[in-house]
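What follows is a set of notes on a single structure, which appears directly below.
What follows is calculated from the coordinates using simple rules that are stated; it is not laboratory data. Since the structure is predicted, the reported quantities are computational estimates derived from the model, not experimental observations. So basically every Cβ, Gly included, is an ideal-geometry build from the backbone, and we count neighbours across all protein chains shown.
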Amino acid sequence: MLLKPDEDSYKCDYCHAVFLPEGDDDGVRVLGELSQQACSICNIPLANAAIAKIRILYCTECHGMLIPMAVLQALVDELKSTASGGTIPQPTSDAEDLGRKINCPQCHHHMDTHRYAGPGNVVVDSCEDCGLIWLDRRELMHIVHAPDERVPDNWDDDSAA
């Protein structure tokens, strides 16, 4: 079976069957192929994975995700459109998380640690030079299920007319 480029599935050369690996709790489909980059937390090779058909690198140990910044908003929007739970109250982030220092899996320089600009209750690590963002386990889903600051609470379909 060959991994289809930019897809979350494999295709058999012989019978043309498509195999879609099962997703985990966060919807991540581990594609099995390991990358040359190691997890900044666990120091094991990151696996190629996909979530909502967008390719990412994923740690099978700590469940962290390395996502290109250029696709993060599209990924969040796609997951929001398919989410069935609406918003979930977000716990406040721990100020100690802002002091964490991890290295970028690609360039090995310190990543910037900051609150995510969307809901602000998730502390993320980003590498501006490489255009990558590191999300720890469940952080992507916290972002997806956070209240959308762009839509006022009193907005409804009648006010759009």
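Laid out as a table, the results:
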quantity: Additional length obtainable on full extension of the chain from HIS110 to LYS80, 0.36 nm per residue less Cα span; calculated: 7.8 nm
quantity: Whole-Hz ³J(HN,Hα) from phi, Karplus 6.51 cos²θ - 1.76 cosθ + 1.60, for region 76-82, glycine and proline x; calculated: 4, 4, 5, 5, 5, 5, 9
quantity: Exposure proxy ranking, count of Cβ atoms within 10 Å, fewest first, for LYS80, LYS53; calculated: LYS53, LYS80
quantity: Mean Cβ neighbour count within 10 Å, used as a protection proxy, ranking 63-76, 97-110, 124-137 highest first; calculated: 124-137, 63-76, 97-110
quantity: Residue exposure sequence - TYR58, TYR14 - by fewest surrounding Cβ within 10 Å; calculated: TYR14, TYR58
quantity: Three-way shape call for region 27-86 based on the alpha-carbon gyration tensor, with the a/c threshold at 1.5; calculated: prolate
